[in-house]
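Read the structure below first, then the notes.
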Amino acid sequence: PLFFFFLQCDNAKGLKAFYDAIKYGPNHLMVFGGVCATVTSIIAESLKGWNLVQLSFAATTPELADKKKYPYFFRTVPSDNAVNPAILKLLKYYQWKRVGTLTQDVQRFSEVRNDLTGVLYGEDIEISDTESFSNDPCTSVKKLKGNDVRIILGQFDEEMAVKVFCCAYDEEMYGSKYQWIIPGWYENLWWESWINSSQCLSKNLLAAMEGYIGVDFEPLSSKMIKTISGRTPQQYEKEYNAKRGDGQSSKFHGYAYDGIWVIAKTLQRAMKYLNATNKHQKIEDFNYTNHKLGKIFLDAMNETNFFGVTGQVVFRNGERMGTIKFTQFQERKEVKVGEYNAVADTLEIINNSIRFQGLEPPKDKTIIQEELRKISLPLYSILSALTILGMIMASAFLFFNIKNRNQKLIKMSSPYMNNLIILGGMLSYASIFLFGLDGSFVSEKTFETLCTVRTWILTVGYTTAFGAMFAKTWRVHAIFKNVKMKKKIIKDQKLLVIVGGMLLIDLCILICWQVVDPLRRTVEKYNMEVCP
């Protein structure tokens, strides 16, 4: 008896064909077909009442994965949701942990997006922004850019894809800093059909599209091994193309071919089971009220496991565990760059096939690296060397001054005050070493101590040197303003008192400062700069 028939895409015709076959035709063992989601879902939901198993080769809508609602439904083609584990694997491969989604407001795309959210949950991958649009995606694209989303997972059709990439070009969301991952089932040269409906120049659109990655199921396996039919996938494709001639090719033909083998193997297993357990019952005895035979067919199909032209054919809860391919848009054409095997949960990237716009894969966000602005080591070294020379020179003057302090000319110049000037200068010189020791040389706690020490040393050194110089100048002034020309002697001891007074004032200020409001280490943040 005829055990399968095809369901048409037209709702009325498809449903009528099905119900006419049930009412007037012979007892059918299985339902093979269902392309459009509307017809397929209505029939698949009612099949349990007739104990009929349905196998589709082209219905990819995620809704049909609900086994509570569609327990007798199987498909040889992967669901639209099947791309999500593959996307997860790709994100992990390139260590992208922060993504954003851009979804067209259509149920098919929303379901895939919702499933993707569940797949990424708990995998240490953050969906930092979720945007959707109906007709104009530019506002959503702008929001993604505002949230610094660099890896964009898109779900939209070809017409909207043109608009999305036009907006991406306007917002400069393309090139080495961004990676778009979108559906890979678009027609060849898909953008040419919709470019006229956008406000985008062709060269600008192609520039924004360059490098995007498409994700879709693999129409035929790339492995060159014999399938269950005895042909390799390549031999099958050659024979298929020869037989179809000039007829239009469908990307589902391999899944339809493997579907026939699934049904054949299912019936074979069912017959073996009946022969082994019940010699009086055959599959020809099946009718729509025979729940036992229907359950045998259901279990037999669940056990499917063979290598077909589309790859390993295995079902998990009625869903095909297939092969997902990755393609990349390179110089106006799609190039296959890798594939994901759902059965083995492995990702294979073809060597040197992926071309990123930069030297490496894009980062998943703007990386902000805090960098301490520090004093240039060469500059510090030069100034330290000059400081050492200054201190050597000051030490030489001090030695000369002490050694010749009893000589008349030196004695007349107040050698004690000269020594104070030199010592004050040397203290000021010493503070240069401390001012050059920033956070790159010393710890935070040591830096706070140095802040206080270098302030004290510079203040005391400057006051000592300037105070001694001022005292000497004041003495000359006091002597020569004497209009009566009386002999006036101002000894060095008095000058030392003047310098001591100045130092006392400084010390009082420094001590009060240290007690009331001591110096603390603070961090000043500058504006962000682009890393060279």
Starting with the highest mean, order 316-326, 506-516 by the number of other Cβ atoms within 10 Å, averaged over the residues of each peptide. 316-326, 506-516
Which residue, chosen from M417, Y273, Y236, occupies the Cα position most advanced towards the positive end of the dipole of the chain, where the dipole is computed from +1 (Lys, Arg) and -1 (Asp, Glu) charges on Cβ about the Cα centre? M417
³J(HN,Hα) across the stretch 104-120 via Karplus (A = 6.51, B = -1.76, C = 1.60, θ = phi - 60°), whole Hz, x for Gly/Pro? 6, 6, 9, 4, 4, 6, 5, 5, 5, 4, 5, 5, 4, 4, x, 5, 7
Between the stretch 461-532 and the stretch 422-437, what's the alpha-carbon centroid distance in Å? 15
Before anything else, pin down the relative contact order of the chain: Cα pairs under 8 Å, at least 6 apart, normalised by residue count, whole percent. 12
In µm²/s, what is D for the stretch 157-200 at 4 °C and 1.567 mPa s, where D = kT/(6 pi eta Rh) by Stokes-Einstein and Rh is the Kirkwood radius from Cα pairs? 116
Which percent of the accessible area of the stretch 380-516 is formed by carbon and sulfur heavy atoms (probe 1.4 angstrom)? 74
The stretch 271-357 shape via C-alpha gyration tensor axes, a/c threshold 1.5: prolate
Can you say what percent of the DSSP beta bridges in the chain, counting only those with both residues inside, are antiparallel? Round to 5. 50
For the stretch 380-516, what relative contact order do you get, as a whole percent, if you take Cα pairs closer than 8 Å and at least 6 residues apart? 25
Go ahead and estimate [θ] at 222 nm for the chain from helices alone: -39,500 (n - 2.57) per DSSP H run with n ≥ 4, summed, over the residue count, rounded to 500. -15000 deg cm²/dmol
In a Debye calculation with equal point scatterers on the alpha-carbon sites of the stretch 377-444 and no solvent, what is log10 I(q)/I(0) at q = 0.14, 0.18, 0.20, 0.21 Å⁻¹? -0.53, -0.71, -0.79, -0.84
Using 0.36 nm times the number of residues separating K13 and I505, minus their current alpha carbon distance, what extension gain do you get? 166.6 nm
Skipping prolines and chain starts, which residues have an amide H placed within reach, meaning under 5 Å, of the one on S132, given they are 5 or more residues away or on another chain? T103
Per residue, in Å², the accessible surface of the stretch 380-516 once ligands and nucleic acids are set aside, probe 1.4 Å: 66
Rounded to the nearest 10 degrees, what's the angle between the helix 415-435 long axis and the longest principal axis of the chain, both from Cα atoms, 0 to 90? 0
If amide H atoms are built 1.01 Å from N in the plane of the peptide, which residues on other chains or at least 5 residues away come under 5 Å of the amide H of R320? R75, S79
What angle, in degrees between 0 and 90 and rounded to the nearest 10, separates the Cα long axis of helix 11-24 from the longest principal axis of the Cα atoms of the chain? 40
Nearest 20 debye, what's the magnitude of the dipole of the chain about its Cα centre given +1 on Lys and Arg Cβ and -1 on Asp and Glu Cβ? 3480
Exceeding the 18 Å Cα-Cα cut-off - candidates K163/K203; K89/K325; K223/K333; K243/K325; K177/K365; K89/K226: K223/K333; K243/K325; K89/K226
For the stretch 383-484, with only Lys/Arg (+1) and Asp/Glu (-1) charged at the beta-carbon, what is the dipole magnitude about the Cα centre, in debye rounded to 20? 920
Using label points projected 7 Å from each Cα along Cα→Cβ, tell me how many nm separate I368 and I350, to one decimal. 4.1
The stretch 118-167-the stretch 195-213 distance, computed between alpha-carbon centres (Å): 17
Along the charge dipole of the chain, Cβ charges K/R +1 and D/E -1, which of V337, S56, G501 sits furthest on the positive end? G501
Treating only the Cα positions of the chain as identical point scatterers, give the base-10 log of I(q)/I(0) from the Debye formula at each q in 0.08, 0.09 Å⁻¹. -0.69, -0.79
If the cut-off is a Cα-Cα distance under 21 Å, which lysines reach K68, setting aside same-chain residues fewer than 8 apart in sequence? K48, K292, K295
So, by mean Cβ neighbours within 10 angstrom, what's the order for 519-525, 290-296, 421-427 with the highest one leading? 421-427, 290-296, 519-525
How big, on average over all directions, is the shadow cast by the Cα convex hull of the stretch 380-516, in nm²? 10.7
So for R0 = 30 Å, FRET eff. of I22-N278 from the Cβ-Cβ r, to 0.05, ends up at 0.70
Ranked by how many other beta carbons lie within 10 Å on average, peptides 440-453, 327-340 from highest: 327-340, 440-453
Angle in degrees between helix 83-93 and the longest Cα principal axis of the chain, rounded to the nearest 10: 30
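The values are calculated or read from the model by the stated rules, or taken from the named source; none is laboratory data. For clarity, every value in this text was computed on a predicted model and none was experimentally measured. All Cβ positions, glycine included, derive from the backbone under ideal geometry; neighbour counts span all protein chains shown. With ligands, DNA and RNA removed, areas are computed over all heavy atoms of the protein, side chains included. Shrake-Rupley method; radii C 1.70, N 1.55, O 1.52, S 1.80 Å.
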